[in-house]
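Participant: First, the structure itself, so that you have it in front of you.
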Amino acid sequence: MPKLTIDGRSVEVPKGTTIIQAARQLGTDVPHYCWHPGLSIAGNCRICLVEVEGMPTLQIACNTQCSDNMVVRTASDKAKRGRADVMELLLINHPLDCPICDQAGECKLQEYSFRIGNDRSRFDFPKVHKPKHVKFSDKVMFDAERCILCTRCVRFMDEIAKSDELDISNRGDRNEISVKRGGELESPYQMNIIDVCPVGALTSQDFRFKSRVWFLESTHTVCSGCSRGCNVTAGARWNKMLRLIPRENAAVNKWWMCDEGRLTYTDVAAADRLGAPMVRKDGRLVEVSWDEALAAAAKGLAAAGDDLFALISARLTNEEIWLASKLCDALGTPHRDTKPRAFGKDDLLRTGDGNPNSAGARILGVAPGKGGAGLANFASQNLAGAALFGEDLDDRPEAIAALQKLAFVLVVDSRESETMRKAAHVVLPGLTAYEKDGSFTNVTGRVQRIAPCVRSPGDAWPDWKILGWLVAGNDRGARPKTCAEVFARMAAAVPEFSGMTHGMLGTAGLDVRSAAPAQGSV
Amino acid sequence: MSAVEFPRLLKGAPPIGKRQTLAEYEANGGYQALKKGLAQTPDEITKMVLDTGLRGRGGAGFPAGRKWTFVPKNTGKPVYLAVNGDESEPGCFKDRQIIERVPHLLVEGAILACRAIGANTAYVYIRGEYPIGIRCMEEAVDEARAAGYLGDNVMGSGWKCDVWIHSGAGAYICGEETGMLSSIEGGRGYPRIKPPFPAVEGLWRSPTIINNVETIANVPLIVRDGVADWKSSGDADTPGTRLVGVSGHVNRPCHIEIDPAKTTLREIIFDHAGGIWKGRHLKAVIPGGSSVPVLPNKPEALDVPFTYGAVKNAGSLAGAAGVIVMDETTCMVDALLNLMEFYHHESCGQCTPCREGTGWLEKLVHRIWAGQGRMEDVDLLDRVADTVGGAGAGKTICFLADSAVMPTKSFIKHFRADFEAAVRGGGSPVYLARKARIDRKHASHAVGAAH
Ligand SMILES: Cc1cc2nc3c(=O)[nH]c(=O)nc-3n(C[C@H](O)[C@H](O)[C@H](O)COP(=O)(O)O)c2cc1C
Ligand code: SF4
Ligand code: SF4
Ligand code: SF4
Ligand code: FES
C-alpha cells in the first residue's frame, strides 16, 4: 500500500491507484475531462496535470500511479500554469455559445475555465468551424464545434454499451465524433453519452432547450422502468418533470441507466391522468368526494370479503404492497396476484422485468394463497369482487369481461384505462412513482427510496395513503400520516426489512436482511 | 585497427531500382547469421546486441538491447516484434534503401530479433507511399518462406517464426511506435498513453518490441561478425554505421552509409552531397529529419561528428539522420510555414495541446509569412510553442507536439531576423513574389478586359 502526500496531506492507497483517485479520496478534485471513473483511461485532454516531486515534467494525474513517498502538488504555480495553458488551448476553437447551450450551468468547460483558466485568450484568429446540428439519432444531437474530443462517448459505447457505433473521423483539429458508416445510433444505452459528455456537444433531443439547468428542482429517486432500480436524479420545473439522469450507485447501476428507463418520466404528464375519485352511478362513473368514494370502496370490499380477487401491482412500493396485503389479510382472501410486465433484457442493466418492485412483492407474499386464485384463473372462480391496485387489464379483454360480471370492482390507479371505464364501481386516483414517497426492492434485493419529484395532479392521493385509509377503516387514529410511518410498521413486521427506516435507506439503499435476521442487529 | 570496409549494411546491394534476390543475398553470406543464431540461446543473441550498444535508428536512439530486456518473462501471452518502416518524417529516406534494395537483410534481422525476444511473429509496417518497398518485402518474405527460413520449422530447427508485411495508409502518426501498433491492429493511428509500455502491453495487449528498420537490419551483422567487428565503426556514443539521407539545396541529394564518429556534418553536406547548389552559400541545416532543431551555418554546428552526442551538443539532434540543407536564399519563415503545415496536418488530434496548438502555430507563422503579422507575433509564436510542448516537455501523449515545437523555437532563435523582416516588409520574400505574380496576372487580365 503506497503512502504518499498530496498537497501536504498524506494518504495511503492500494497499489495501482492513480493520483486522481487518491486525490479524490482526500476530497481534492483534480480537473479532468477525459477521465471518467467508469471508463478506461485515455489521457488525452491533459487538463489533469499535477506536479510530482522529482519528475522534470508535469504528470497527468489520471494515468500516473501512486508510489511510496511520492509528493504530489495539485495546486503549485507550475501545475496551475500547465493547466491554464491547456485551458486556453481548449477554448481557442470553442464556439463559446454558452448562452444557447443546454450544458451551460453544468459544463466542465465553464467550471474549469472559471476555476483554473485565464480571463482572456491570446488567440485572435477565426476559429475552426464544424457541423453544429448533427442528428445522431432521435434521442441524441451532436455539435461538433463544442466537442473537446475527450472520447468519453466513444469509450462508453465500446466499453459499456458494447456497441462500437461511434468513432472519430478526420485528423487533428478537424477531428469529429461520428456515427460509424454514417448511420444513426441504435444502442438502448446511447443516452448515457449525453451524461458522460463533459461539455454541451451531446444533448438530449428530449431535454434540448426546455430549461436552463439551474432552474431545475432536483430530486434523488429511483427509475421505475424495471426491477434494476437505477438510481436517478430527476429534474423538474414548474411542477413538470423534464428529465431523469443517472445517479451513481456502485451497488446498482454504477453511473448508467437505459434509455427506456430514462424516458419513463413522461408517464407523469400523460393526458389521461386521473385527478378525482369516482363512483359508478346509473352505469356512469361520476366524480365524488374522497369520503364518499372511500366509503363506497370499504363497503364493496367488505361485501366481497374472502371472495375478493386482489391484483396488487409490483409497480407499487414496498409500503403499498404491504398495506394491500394487510387489507387482504383482514378480508381473509387468498386470491392475490401480481401482473408480469415484460421489459428489455441484457447483461448490463435491463432485467427483463418491467415491474420495479417484483422482489418486494415476493417478499411480502403477493401470490395466490392456499386454494386462492390468481390472474390466470380468477375469472372462473365465481368470486364476488375484485380490487386492482395500480394495474389495469386492458391487454386482456376476456379478463375485463370477467370483471364486468362481478358485483364489485375497485380500481386504484394513476391513469384512465379501458378496464376502469368498463368494469370499475369505484375509482381511486393514485400516483406515479415519481410523485410519491416509498421504497422499491430491486432485483438483487436492494431496498431503495423513491421520492416525489413533482406534486400530484388534481386531487389524486399517494397510493400508500389510499391503502392506509382503507386498512384503518373507521379507526381514524390508525390512518398513516407519512409513508415513513408505514415503512416503520412494515419493518417491524417483516424480517427482510427489520431494523430499516426511510432515513437509513438514504440515497444509496440497503440490502434486504437475509431470511434469518442478523441477531442483535440495529 | 584495420580500415573498416564500407558500406556494411548496403554491402552488395544492387543499384536503386533493383532488389537483391534470395540467391544473391545467400551468395553474399545471407542467412548465415540466422544459422548461427539458431545454435545460440535467445539470451545470447540479446547479450550480443546489448554488448554492441546498438542504438535505435528511428530517432530517439534508445539502446536496442536494453529495450529487448524489458519483455516480461512467462506472461503466458505471445510476444511480438513490430518493425517500424513508416519512414514518414520529412527529410528521411534511409530505411527505403534497406527495404527496396536489401530486403532479405531486414527479414533475417527480424527473424533473429524474434528469436532473441521470444517472439514467433514479426510485423513489418511500411509506409503506404512505398508501394515498391512493400512489393520487395513481400517477395523477400515469400522467398524466405519457400526456402525454409520462415515458417513452422525455421531451418529445420523446430522453431516457428513468421513475418508479415503491413502497409500504412498515409499518416505520419503511424510511424510513432504506439500509433503504429493501433494501426496494425486495424484501428485509428492513435498513439497510446504510457504506461503500459509496449514491451509489456503492445500489440493485442501482449508484450511487443518495436524497432526501426535500420536497427533491425544491423542484427544479422552483429550475429554474423561478432560484437568487436560490428563496433569497429562509430564510437562509444554511436557505435556502428549510420544511414544518412541528404536532401535540399545540395548539388547531389543522396543517401550514404557513414562512420558517424569519422564523418562531420560539414563533410556530409560538402563532400558526400557535393556542396550547396548553384554556387550559393549554406544558410541552415536540419540534421535529423524535420522534427529536430535547425542549425545555423556556424563552425561549431557543422564541424562536429555525426554522433548522437556531438550533434546534441551542437544544439540539435541526429534523430533519424535526414539532413535537410537550405541555401542562403531560403526564407526561414517560408520554411517554417511548410513544417507547421505538415505538423498541423499530421497531428492525430488526441491531445489538446497538439490538436489545438499545431493549428495555432501554423496560423501565426502564416500571418507573419503573409505580411499580416505584428512584431509581437514573433514572441507570441515562441511562447505559444512553449504552451504546446518542447524537448522533453511531456505535455502530450507522443512527441509529435514536441516535434512541431523544436523547429519553431530554433527557427526563431537562430533566424529571428527573417521573421522580423517579414513583419516589417509586408510578408516573406516568397509571399511577396507570389503576390507580385498574381497582381501582374490580374493587371494583364484587367487590361485584356478593357479591350
Ligand atoms: C510523430 C512520430 C513519428 C515517428 N515516425 C517514425 C518512423 O517513421 N520510423 C521510425 O522508425 N520511427 C519513427 N518514430 C519513432 C518511433 O516512435 C520509435 O521511437 C522507433 O520506431 C523505435 O525504434 P528504434 O528504437 O529502433 O529507433 C516516430 C516518432 C514520432 C513521435
Ligand atoms: S462528444 Fe462529448 S464526450 Fe464525446 S468526445 Fe466530444 S466532448 Fe467528449
Ligand atoms: S435499467 Fe431499468 S431501472 Fe435502469 S434505467 Fe433502465 S429501466 Fe430504469
Ligand atoms: S501529441 Fe499530437 S500526434 Fe501525438 S498523440 Fe497527442 S495529438 Fe496525437
Ligand atoms: S483527465 Fe487526465 S488527461 Fe484527461
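The values are calculated or read from the model by the stated rules, or taken from the named source; none is laboratory data. Note that the coordinates shown come from a computational prediction; the quantities given were computed from them, not determined experimentally. Ideal geometry is used to build each Cβ from the backbone, glycine not excepted, and the neighbour counts take in all protein chains shown.
Participant: Would region B:111-126 turn up any residue that is in contact with an Asp or Glu (Cβ under 7 Å, 6 or more places away or on another chain), assigned to a helix (DSSP H, G or I) and of a type outside the set (Asp, Glu)?
Facilitator: Scanning region B:111-126, I find no residue that is in contact with an Asp or Glu (Cβ under 7 Å, 6 or more places away or on another chain), assigned to a helix (DSSP H, G or I) and of a type outside the set (Asp, Glu), so the answer is no.
Participant: Residue by residue through region A:236-269, note down the ones that are of a type outside the set (Gly, Ala, Ser), in a loop (DSSP other than H, G, I, E, B) and closer than 17 Å to A:Pro37 by Cα.
Facilitator: Within region A:236-269, A:Arg247, A:Glu248, A:Val252, A:Asn253, A:Trp255, A:Trp256, A:Met257 meet the criteria.
Participant: Of the numbered conditions (1) surrounded by 14 or more Cβ atoms within 10 Å (Cβ to Cβ); (2) touching a strand residue (DSSP E or B) at 6+ places or on another chain (Cβ under 9 Å), A:Gly275 satisfies every one except a single condition; which is it?
Facilitator: Answer for A:Gly275: the failing condition is (1).
Participant: Of the residues that sit in region A:24-49 and are under 28 Å from the mean Cα position of the chain (by Cα) and not in a loop (DSSP other than H, G, I, E, B), which one is nearest to B:Cys351 (Cα to Cα)?
Facilitator: Result: A:Arg24.
Participant: Looking only at residues in region A:50-64 that are among the aliphatic types (A, V, I, L, M) and outside any strand (DSSP E or B), which one is farthest from the other protein chains (Cβ to nearest Cβ)? Working first, answer last.
Facilitator: Start the filter on region A:50-64 by keeping residues that are among the aliphatic types (A, V, I, L, M), which leaves A:50, A:52, A:55, A:58, A:60-61.
Retained after the next criterion (residues that are outside any strand (DSSP E or B)): A:55, A:58, A:61.
Working: A:Met55: 8, A:Leu58: 7, A:Ala61: 13 Å.
Step by step, filter region A:50-64, then rank; the result is A:Ala61.
Participant: I'd like the full set of residues that are more than 10 Å from chain A (Cβ to nearest Cβ) and small (Gly, Ala, Ser), limited to region B:390-400.
Facilitator: B:Ala391
Participant: Could you figure out which of (1) out of contact with any strand residue (DSSP E or B) (no Cβ under 8 Å at 6 or more places or on another chain); (2) surrounded by fewer than 21 Cβ atoms within 10 Å (Cβ to Cβ) isn't true of A:Leu470?
Facilitator: All conditions pass for A:Leu470, except number (2).
Participant: Please specify each residue of region B:362-389 satisfying the condition of being more than 8 Å from every other protein chain (Cβ to nearest Cβ) and among the β-branched types (Val, Ile, Thr).
Facilitator: B:Val365, B:Ile368, B:Val378
Participant: Do we have any residue at all in region B:323-341 that's crowded, with 24+ Cβ neighbours inside 10 Å, touching a helix residue (DSSP H, G or I) at 6+ places or on another chain (Cβ under 7 Å), within 14 Å of chain A (Cβ to nearest Cβ) and not polar (S, T, N, Q)?
Facilitator: Yes, region B:323-341 contains at least one residue that is crowded, with 24+ Cβ neighbours inside 10 Å, touching a helix residue (DSSP H, G or I) at 6+ places or on another chain (Cβ under 7 Å), within 14 Å of chain A (Cβ to nearest Cβ) and not polar (S, T, N, Q).
Participant: Find the residue count for region A:156-169, including only residues that are in contact with a strand residue (DSSP E or B) (Cβ under 9 Å, 6 or more places away or on another chain), over 18 Å from A:His133 (Cβ atoms) and either touching a residue at least 40 places away in the same chain (Cβ under 8 Å) or within 12 Å of chain B (Cβ to nearest Cβ) (or both).
Facilitator: First, pick out the residues of region A:156-169 that are in contact with a strand residue (DSSP E or B) (Cβ under 9 Å, 6 or more places away or on another chain): A:156-158, A:160, A:165-169.
This time we only want the ones that are over 18 Å from A:His133 (Cβ atoms), so: A:156-158, A:160, A:165, A:167-168.
From the residues that got through so far, the ones that are either touching a residue at least 40 places away in the same chain (Cβ under 8 Å) or within 12 Å of chain B (Cβ to nearest Cβ) (or both) too are A:156, A:158, A:160, A:167-168.
Residues that pass the stated criteria total 5.
Participant: Please tell me if A:Leu410 is in contact with a strand residue (DSSP E or B) (Cβ under 7 Å, 6 or more places away or on another chain) and either surrounded by fewer than 24 Cβ atoms within 10 Å (Cβ to Cβ) or not assigned by TED's automatic domain parsing to the domain that holds A:Asn442 (or both). Full working, then the answer.
Facilitator: Details: in contact with a strand residue (DSSP E or B) (Cβ under 7 Å, 6 or more places away or on another chain): yes; either surrounded by fewer than 24 Cβ atoms within 10 Å (Cβ to Cβ) or not assigned by TED's automatic domain parsing to the domain that holds A:Asn442 (or both): no.
So A:Leu410 fails the test.
Participant: Yes or no: region A:35-45 includes at least one residue that is more than 25 Å from A:Arg155 (Cβ to Cβ), within 16 Å of ligand 5 (Cβ to nearest atom) and either surrounded by fewer than 18 Cβ atoms within 10 Å (Cβ to Cβ) or more than 10 Å from chain B (Cβ to nearest Cβ) (or both).
Facilitator: no
Participant: Considering each of A:Gly430, A:Gly438 in turn, give the residue that is buried (at least 22 other Cβ atoms within 10 Å of the Cβ), under 15 Å from A:Asn318 (Cβ atoms), small (Gly, Ala, Ser) and touching a helix residue (DSSP H, G or I) at 6+ places or on another chain (Cβ under 6 Å).
Facilitator: Values: A:Gly430 fails: under 15 Å from A:Asn318 (Cβ atoms).
One residue alone meets the criteria, A:Gly438.
Participant: Mind telling me which of the residues A:Asp97, A:Asp7 ends up being in contact (Cβ under 8 Å) with a residue 40 or more places away in the chain, over 19 Å from B:Gly349 (Cβ atoms), within 16 Å of ligand 2 (Cβ to nearest atom) and among the acidic types (Asp, Glu)?
Facilitator: Only one candidate qualifies: A:Asp97.
Participant: Can you tell me which residue in region A:106-128 is nearest to B:Asp377 (Cα to Cα), limited to those that are loosely packed, with under 15 Cβ neighbours inside 10 Å and not charged (D, E, K, R)?
Facilitator: Per the stated criteria, the residue is A:Phe125.
Participant: Something else: Being of a type in the set (Lys, Arg) and more than 15 Å from A:Phe207 (Cβ to Cβ) is the filter; apply it to region A:218-262 and report the residue that is farthest from ligand 4 (Cβ to nearest atom).
Facilitator: Going through region A:218-262, the residues of a type in the set (Lys, Arg) turn out to be A:228, A:237, A:240, A:243, A:247, A:254, A:262.
Filter once more, so that each one left must be more than 15 Å from A:Phe207 (Cβ to Cβ): A:228, A:247, A:254.
Working: A:Arg228: 38, A:Arg247: 34, A:Lys254: 29 Å.
So the residue we want is A:Arg228.
Participant: Turning to a different aspect of this structure: Among the helices (runs of 4 or more DSSP H) confined wholly to region B:276-367, which include 1 or more residues that are farther than 23 Å from B:Glu257 by Cβ and in contact with a His (Cβ under 8 Å, 6 or more places away or on another chain)? Before the answer, list the steps.
Facilitator: Values: elements: B:299-302, B:308-313, B:332-346.
Hits in region B:276-367: B:332-346.
Participant: Does A:Arg81 meet the test of being over 23 Å from A:Leu49 (Cβ atoms) and away from ligand 5 (no atom under 16 Å from the Cβ)?
Facilitator: So A:Arg81 does not fit the description; no.
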